[in-house]
Amino acid sequence: MGRLSPAASTASSDASSAGETVLVIPTARPGHKRADEALPFSPRPPRAAAADAPAEPAERPEAAPVPAPAPVPARAALPRLHLSHEHPAVLAALSGATISSGRLELRGRRSWVHNYVLMPLALPLLGVLFLAALVAAFVPALMVWPAQLLARRLYWACPFLPHAWQGPIRAEWGWLGSTLLRLQFEGAHCITVVGRLLTLPMRPHLPNFYIAGFPKCGTTSLAAYLKLHPDLCGIAGMPGHEALGKESHFMGGLLGRGSAATSAALYRSFFPTVMTRWWCEVVRGARRWQCFDATPTYACLPYIPARVKALTPDAKVIFMIREPTAAVFSAESMLRGMGVPLTWSLARPLPGSVVAGRRGGYVDVEMGPQDGNDLLRGDPGHDAFWSSLAELPADADLPAELPQRFYTNAHSYIKGAQYADRLADWARHLPPENLLVVDFKRFVESPEAVVREVLAFVGADGDRYRFQRLPPGMATDYKGAKMDPSVRRAVGARWFAATNAALAEMIGTDLGWTAAIGARQ
Ligand SMILES: Nc1ncnc2c1ncn2[C@@H]1O[C@H](COP(=O)(O)OS(=O)(=O)O)[C@@H](OP(=O)(O)O)[C@H]1O
């Protein structure tokens, strides 16, 4: 510690003449530590300070050697400032002092920027920094854990998603890029789910109708067309995500496979808030506001009709249908494009087929010989599993292996495209006037006419609908792959001929699928 030195008085006098008080204090030196001593601090007004200092030399003494601290007359009335010479640099930084030639100089007057801008801002700035540190410490802890938990459930319900991170996305973006994208996706999903749950009291709606399927039959496009009507809202989906922006997967176990998959309260979290409804009614002029869920797998899974009836007994259900092998091939191509390893392919010739000299599709790219789960042979184990799903009570837990078996087995897609059987499941639970079948081919050719029929079916006023053509939703990049014509014929005849005929009888129209052989249908 040191006392105010004569040098301090000198500097003070110099500065006084320039209009500021300067205290010059020798900085710490080994052997000069006297922690018990205090430095009298006299922030005198500049002029007065100059007047009171009787014996001050006119000029500042040389910096070295440092003069021994001289005693200063005690001033009981003045506050005493304790300075630690052990940390002169810290002191200088805090006080705005400078260290010059081994001495610490305290300047009593700073610029107006310092006094009126920097200093008043310092405290709020420190507060902001403190809050930022808190956020940096706690938000990851509060976000990462829920995000991981919810992502685990999402990946259980949609087990094809993780393949995309490890396969094509990693190949394109590298390890770091794909990891960051994955964290961003999981974080966005978490924010969406938590946001929905936190606003649950404002979400009293269950769907008035469903676009229940079938997968790869244009459900995304139909949903987008319907959302153009002021009366109609889809689910409160994940922003910016084409599929999760329109399909809830709630009954597929997105929030859990136990009671969370049957709770009406939790299901309500997916649908718009009263504010959204108010906006539609007051601003967009909706007269008969309705919301809908467009989860295409609902049409395939035989336990879903019972749950739809339990949760929404008056709901209407729309099914889009497409030539079955084309729909299965579209699903296969989508999954394969996401990096999902499948043991089957409609692009690969069946065993015994002549393939000499033919290249194309996935045949030479990533598929080995057609094995195991043969497309024509069938899978009795899967059939039994499927039948057990049809018996599942509406409030029962979903089987733990359900999504994995559903998404990887070729026979899930085959069963999912046996439309007559699936529609019969639905007709057992809901009245036929609540079910509408839409032909994908006709929808592609004349979307406006089809959309207007759908509007009439759900009870929305067609006169208030302004049609505008939209780009196809969920278009698949086939990467040049084509269905093998022999597979198409064989699979069509083996699995779909009978159900296509039954469908024609059911809807009163033969869509000509049995004869169809070609590219997309
Ligand atoms: N307007 C229009 N014209 C032509 N084709 C269209 C249109 N809308 C959707 N599609 C095709 O429908 C397929 C996607 O169907 P989904 O949206 O039901 O897919 S999903 O089940 O939701 O994943 C997907 O088919 P593929 O490209 O053959 O896979 C889309 O391209």
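The values are calculated or read from the model by the stated rules, or taken from the named source; none is laboratory data. Everything numeric in this text was worked out from a predicted model, so none of it was measured. Here Cβ is always computed from backbone atoms with ideal geometry, including for glycine, and neighbour counts include all displayed protein chains. Surface areas here come from the heavy atoms of the whole protein model, side chains and all, with no ligands, DNA or RNA. Shrake-Rupley method; radii C 1.70, N 1.55, O 1.52, S 1.80 Å.
Taking the accessible area of region 367-521, probe 1.4 Å, and keeping the other protein chains in place, the carbon and sulfur fraction comes to 54%. With all protein chains in place and ligands, DNA and RNA left out, the 1.4 Å accessible area ranks Trp165, Trp426 as Trp165, Trp426, largest first.
Set the Förster radius R0 to 30 Å, insert the Cβ-Cβ distance between Ala264 and Asp421 as r into 1/(1 + (r/R0)^6), and round the FRET efficiency to 0.05.
For R0 = 30 Å, the calculated efficiency reads 0.60.
In terms of its C-alpha gyration tensor, region 156-234 comes out oblate, because a/c is 1.5 or above while a/b does not outweigh b/c. The packing ranking, built from the mean of other Cβ atoms within 10 Å per residue, places the peptides 125-131, 414-420, 265-271 in the order 414-420, 265-271, 125-131, highest first. Note on region 132-284: Cα Rg divided by 2.2 N^0.38 Å, N the number of residues, gives 1.14.
Post the alpha-carbon centroid distance, region 439-495 to region 136-168, in whole angstrom. Result: 32 Å between the Cα centres.
The overall shape of region 430-480, judged from the alpha-carbon gyration tensor, is oblate: a/c is not under 1.5, and a/b is no greater than b/c. With 19 Å as the limit on Cα-Cα distance, the pairs of Lys441/Lys479; Lys216/Lys415; Lys216/Lys479; Lys316/Lys415; Lys227/Lys479 that go past it are Lys441/Lys479; Lys316/Lys415; Lys227/Lys479.
Among 431-440, 152-161, sorting by the average number of other beta carbon atoms lying within 10 angstrom of each residue, highest first, gives 152-161, 431-440.
Straight-line cross-link reach from Lys309 at under 21 Å between alpha-carbon atoms covers these lysines, not counting any fewer than eight positions away in the same chain: Lys246. Computed packing ranks the peptides 442-448, 230-236 as 230-236, 442-448, most packed first, by mean other Cβ atoms within 10 Å. Computed over region 429-521, the Cα gyration tensor eigenvalues convert (square root of 5λ each) into semi-axes of 29, 21, 10 Å, ordered from largest to smallest. Placing pseudo-labels 7 Å out from each Cα toward the beta carbon at Asp397 and Leu228 gives an inter-label distance of 4.6 nm. Sorting Leu181, Leu118 on solvent-accessible area from highest to lowest, probe radius 1.4 Å, gives Leu118, Leu181.
Once a ≥ b ≥ c are taken as the square roots of the eigenvalues of the Cα gyration tensor of region 384-475, is the result rounded (a/c under 1.5), prolate (a/b larger than b/c) or oblate (a/b not larger than b/c)? Judged from the Cα gyration tensor, region 384-475 comes out prolate (a/c at least 1.5, a/b above b/c).
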